[in-house]
Amino acid sequence: ALKLENVLVGKAIKGAPATLKLVDAGGDLLSGSWVHTDAADVSGHIKGRAPERIRGLGCTAASDIYALGALLYEVLTGKPPLQETSATDLAFAHLSKTPRPAKEVAPKGWIDDELNDLIASMLAKDPKKRPDLAAVGKLLGAKKKNRSTITDSELNDSVDLLVADPCDGEAAVALELLIERGADPKQVAEAFLMAADMVDVDEAAEAAAANEKSAAVAEVKAEAARDRARDTQKGLFARAARLFDTHVQDAALAEDAYKRWLALAPDDDEAQEGYSSALQAQDKLSDLVEHLLEVSDNSDDNRERASALHRIGRLYAGPLEDSEQALVAFTSALAADPQNDECARDLEKAAGDNMEQWAEAMRELHAACEVPDMAAADREALLLRLGGWYADKIGRADLALPCFEAILNQDPSNGPALEGMCHVYRRAQQWGELVQVLLSRAERAAAPERARDLRAEAASILDGRLDDVAGAREIYENTLKEDPGHEKTIEALAGIYKRKDDWDGYVKILKAQAEALTGTARAEALCKIAEIHEDQLNDLAEAERRYQEALEIDSDNLTAIRGL
């Protein structure tokens, strides 16, 4: 679908423009309906869908123009052309409502009359009134080609306007727009920094509280003014950082701007990522590690802490070439976010076959399990990993089992923990214990089919490993009472009956199997019964009866014909 969420913008590289890619092209055509109950889907699935498509008509070039117009509207204004709270309301809006003119929604000066009219025509309800793609491309191309060149005087005037009033958002937008007319991005970015430096937070607070008789009201107004001033500074630093990063492509200047932005907004994800990228672009890897450590130390969110530590681990494992520090970082990251599979894989790779490193990592992870406020799901995930690593990486079944048992003490039916114990017992060839766990899993299995498979596996071990034929036979026979057609059980029990020359028992299960079958499969089962009566039980009359019964079902059955 042509919508903002499906447009990926690659980062510009010196000498080459940024790349654009459309993903999930035509994905919306796979759905048979435009009505979705998912609130998140409402905002994206049909926000650019043409009215004729909502009426059930096919996708055409004109409907693509409508979607492109909606995309262009959202890119330039920051909002979809129509907004509703449900998919149904949004669909009716596309059929009946006219969006506000884009130039009224976008920042002042962002959209001129010509572009505004183009977007409106692309969003026309009548497909015939929409321009074709060639006309759209021609108009947009002409606007790009005919852009006027900025003069030094115009640029200086715009800079002066912003510096005189850094809180004027429209002046900031107008200044940045001058880049499209050829203004030097570096000069514009430096102007944003200059304007940010002109913002005096305390002065703004004093001005807001002046002449206010109530001290309490004055303090409220002063604090609100401080917040507005800081927000202004953050916005200006953000504009400068983005320009230094993407337009000027000067990592050192971008680093400084991102750093100043972070000083005001330490939790801002974009500022964090931009600062990290700027450091990495300059190969300031030690500084990057220090920054990520600071992020980890200052974060109250375990996932965020883990992400920072994981990145540190990859820096040490990669360009910094310090495997020991990499393992330390990966271990700390996994302790913070035990459900992170990618981090667990990196830890395994870092530890390799070094038992000392494994021991060190396991000690820290065990300590993490003891933290009282660890979420139950995280503790379970960590214990499962510890149990698996003890069994597979370290070869210590005696240490693996307590990990799984700790989970089962809280949740006796926990499938992964029971499977982990089965895995350990298989590797250790502790067959008796394995049988007990398999039967326990069967009792707690959610699906009857799964329970029967587990009991069949337990019976197979009793028969093949522990020489407990009677125990195996009892389990198999009970399983067949539940499901006469259970193939694993039929095959295994048939093997026992054959070995013991218990042909009556074998015939019994074949009869039960035949009762559960139909058509040619039932005829074949009856022929097997007939053959046993003929060859093993010497009961020719019963054999003949069974062959005849098979022929009544399948008159062309060669086995029955030959038998008779």
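Values quoted throughout were computed directly from the atomic coordinates according to the rules given, and no laboratory measurement underlies them. If you're wondering where the values come from, they're calculated on a predicted model, not measured in any experiment. Neighbour counts run over all protein chains shown; Cβ positions are idealised from the backbone, glycine included.
Global dimensions of segment 438-559 from alpha-carbon coordinates: Rg and Dmax equal 15.9, 47 Å. For the pair Lys511 and Asp112, the difference between a 0.36 nm per residue extended length and the Cα-Cα distance amounts to 135.1 nm.
With the gyration tensor restricted to C-alpha atoms of segment 314-445, the semi-axes of the equivalent ellipsoid amount to 29, 17, 11 Å, longest first. What FRET efficiency comes out for Arg465 versus Glu491 if R0 is 22 angstrom and r is the Cβ-Cβ distance? Round to the nearest 0.05. In this case the efficiency is close to 0.80. Across the chain, the relative contact order, built from alpha-carbon pairs under 8 Å that are at least six residues apart, equals 5 percent. Using R0 = 60 Å, the C-beta based FRET efficiency linking Asp398 and Ala541 works out to 0.45. Ranking His423, Tyr547, Gln339 by Cα position along the charge dipole of the chain, where only Lys, Arg, Asp and Glu carry charges on their C-beta atoms, puts Tyr547 farthest toward the positive end.
For segment 274-374, GluC sites (Glu not before Pro) meeting the loop criterion (DSSP other than H, G, I, E, B) and having at most 14 other Cβ atoms within 10 Å: Glu321, Glu370.
Placing +1 on each Lys and Arg Cβ and -1 on each Asp and Glu Cβ, with no other charges, gives the chain a dipole about its Cα centre of roughly 1960 debye. Normalised by residue count, segment 266-360 yields a Cα convex hull volume of 91 Å³ per residue.
If you find the alpha carbon centre of segment 275-290 and of segment 307-338, how far apart are they in angstrom? So the two Cα centres are separated by 15 Å. Between Ala252 and Asp152, the modelled label-to-label distance comes to 2.5 nm, taking each label 7 Å out from Cα in the direction of the beta carbon. Using the Karplus relation 6.51 cos²θ - 1.76 cosθ + 1.60 with θ = phi - 60°, the per-residue 3J(HN,Hα) values for segment 355-362 come to 5, 5, 5, 4, 4, 5, 5, 5 Hz, with x marking Gly and Pro. Where Lys and Arg each count +1 and Asp and Glu each count -1, what net charge lies around Ala397 among other residues with Cβ under 14 Å from its Cβ? For residues surrounding Ala397, the net value is 0. Listed values (1) 93, 54, 48; (2) 114, 67, 56; (3) 74, 60, 51 include one computed from this model; for Cα extents along the principal axes in Å that value carries the label (2).
Cross-link pairs exceeding 22 Å between alpha carbons, from the set Lys259/Lys349; Lys47/Lys79; Lys21/Lys129; Lys108/Lys138; Lys393/Lys488; Lys79/Lys108: Lys259/Lys349; Lys21/Lys129; Lys108/Lys138; Lys393/Lys488. Estimated purely from DSSP H runs of n ≥ 4, each contributing -39500 (n - 2.57), the mean residue ellipticity at 222 nm for the chain is -21500 deg cm²/dmol once divided by its residues.
Computed extension gain for Glu212 through Met198, at 0.36 nm per residue and net of the alpha carbon distance, reaches 2.5 nm. Between segment 176-226 and segment 471-545, what's the alpha-carbon centroid distance in Å? Measuring centre to centre over Cα atoms gives 89 Å.
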